[in-house]
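The next block holds one structure in the form of structure tokens; read it before the comments.
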Amino acid sequence: MELVFDGHNDVLLRLWRNMKAGGDPVAEFMSGTPAGHIDAPRAKAGGLAGGLCAIYVPSGDLILKEPDENGHYETPLAAPLEHGPSLSTALEMAAISLRLDRANAWRLCRSTREIRKAMAEGIFAAVMHMEGCEAIDPDLAALEVFHAAGLRSLGPVWSRHNIFGHGVPFAYPMSPDTAPGLTELGFELVKACNRLGILIDLAHITERGFWDVAKTSDQPLIASHSNAHALTPVARNLTDRQLDAIRESGGLVGLNYAVTMLRADGRDDVGTPLSDMVRHVNYMVERMGIDHVSLGSDFDGASIPQDIQDAAGNQNLVAALKGAGYADVELMKLCRENWLRVLGKAWHE
Ligand code: ZN
């Protein structure tokens, strides 16, 4: 079994929602449930040894648009969120992450050494990530506090606009150049992340935002859960120019398992074959090289191929990649070593 360290999941969102409905996140993660994609037993079964776990404040009003007769769709951007309620939600999700750590349900990791140790011990290695920074104030006081609580990665925006920058909508077909990039505060946020050693994630940001980060940040460029725009032209996927810039910076792209971002027709169909996933990996490896492609499942945050189903099925993708001719040393890079390399860089190790 090839252990996987994965670039993006939304398990904290699922645990938070269930907690709001009276559930116990620690018990749910440790003993497992049939719902969603990730818990400790299923992660273990599928060799999902760890990953970046998102604090994500949901947009309750977002309803994805159905495709028209040509298969085209364009969901309007979710409305901006207010800081106060976003901070409350983000604190609750961070607290779940800390409680899971305290209960030994998972290990909250702040260095690649801690990640490797947790993986060796067989305990899920979680890294605290923030997907969209509505919980962060303009003075970045909350950034300092979340960093102290273990935050080691963030995306300035989700697919909506905030005080730091602009996000892309869910739309097919569409270029990622949909709106302006970083705001003045966004540039300050990027510089603060460089100083503190917090990874900056470019998933969900507009193309102009991508280039703004590229010219400002001293880190490798990362898109934690995105695919190739040349194969699936959704606004969330990356153009060839963006892939080239990621390669040149020494960064990586994590393959997103969301079927709408994998299929050539962009449709929401869980019958999407594993070969579509392999096709995106092949394309990105040919464009960028084996050192710049990794995995970013979006478990618990997207509809994914039924051939994987949940974390327990993660090795089905590894087997498909092996079947496509990837050697063991290449699989090791795709599955975990590339992620550990870029995290170490961003964290000043
Ligand atoms: Zn996302």
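The values are calculated or read from the model by the stated rules, or taken from the named source; none is laboratory data. As the structure is a computational prediction, the values presented were derived from the model and not from experiment. As a convention, Cβ positions derive from the backbone with ideal geometry for all residues, glycine included, and neighbour counts pool all protein chains shown. Only protein heavy atoms, including side chains, enter the accessible area calculation; ligands, DNA and RNA are left aside. Shrake-Rupley method; radii C 1.70, N 1.55, O 1.52, S 1.80 Å.
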query = Within the stretch 144-164, can one find any residue that is closer than 21 Å to Leu202 by Cβ, open to solvent by 60 Å² or more (accessible area, probe 1.4 Å), over 20 Å from the mean Cα position of the chain (by Cα) and touching a residue at least 24 places away in the same chain (Cβ under 8 Å)?
reply = yes
note = Note on the stretch 136-156: residues more than 16 Å from the ligand (Cβ to nearest atom) and either assigned to a loop (DSSP other than H, G, I, E, B) or within 21 Å of Pro220 (Cβ to Cβ) (or both) are Ile136, Asp137, Pro138, Asp139, Leu140, Leu143, His147, Ala149, Gly150, Leu151, Arg152
inquiry  = List the helices (runs of 4 or more DSSP H) inside the stretch 1-101, counting only whole elements, that have at least 1 residues being open to solvent by less than 70 Å² (accessible area, probe 1.4 Å), under 24 Å from Leu151 (Cα atoms) and among the aromatic types (Phe, Trp, Tyr).
reply    = 11-20, 25-31
task = Go through (1) assigned to a loop (DSSP other than H, G, I, E, B); (2) open to solvent by less than 10 Å² (accessible area, probe 1.4 Å); (3) within 16 Å of the ligand (Cβ to nearest atom) one by one and return the number of the condition Pro169 breaks.
result = (2)
ask   = Of all residues in the stretch 179-205, how many are within 16 Å of the ligand (Cβ to nearest atom), in contact with a helix residue (DSSP H, G or I) (Cβ under 9 Å, 6 or more places away or on another chain) and either over 21 Å from Gly344 (Cα atoms) or open to solvent by 20 Å² or more (accessible area, probe 1.4 Å) (or both)?
value = 1
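For every residue, the table says whether it meets (1) more than 16 Å from the ligand (Cβ to nearest atom); (2) under 16 Å from Leu64 (Cβ atoms).
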| residue | (1), (2) |
| --- | --- |
| Ser217 | yes, no |
| Ser226 | no, no |
| Gly251 | yes, no |
| Gly254 | no, no |
| Met261 | no, yes |
| Asp265 | yes, yes |
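Just wondering, is there one or more residues in the stretch 222-236 that are in a helix (DSSP H, G or I) and open to solvent by 30 Å² or more (accessible area, probe 1.4 Å)?
Step one: of the stretch 222-236, the residues in a helix (DSSP H, G or I) are none.
Among the residues of the stretch 222-236, not one is in a helix (DSSP H, G or I) and open to solvent by 30 Å² or more (accessible area, probe 1.4 Å), which makes the answer no.
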inquiry  = Suppose we filter the stretch 206-219 for residues that are open to solvent by 20 Å² or more (accessible area, probe 1.4 Å) and within 18 Å of the chain's Cα centre (by Cα); how many remain?
reply    = 1
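In the stretch 284-315, how many residues are in a loop (DSSP other than H, G, I, E, B) and either touching a Cys at 6+ places or on another chain (Cβ under 7 Å) or among the charged types (D, E, K, R) (or both)?
Within the stretch 284-315, residues that are in a loop (DSSP other than H, G, I, E, B) and either touching a Cys at 6+ places or on another chain (Cβ under 7 Å) or among the charged types (D, E, K, R) (or both) number 4.
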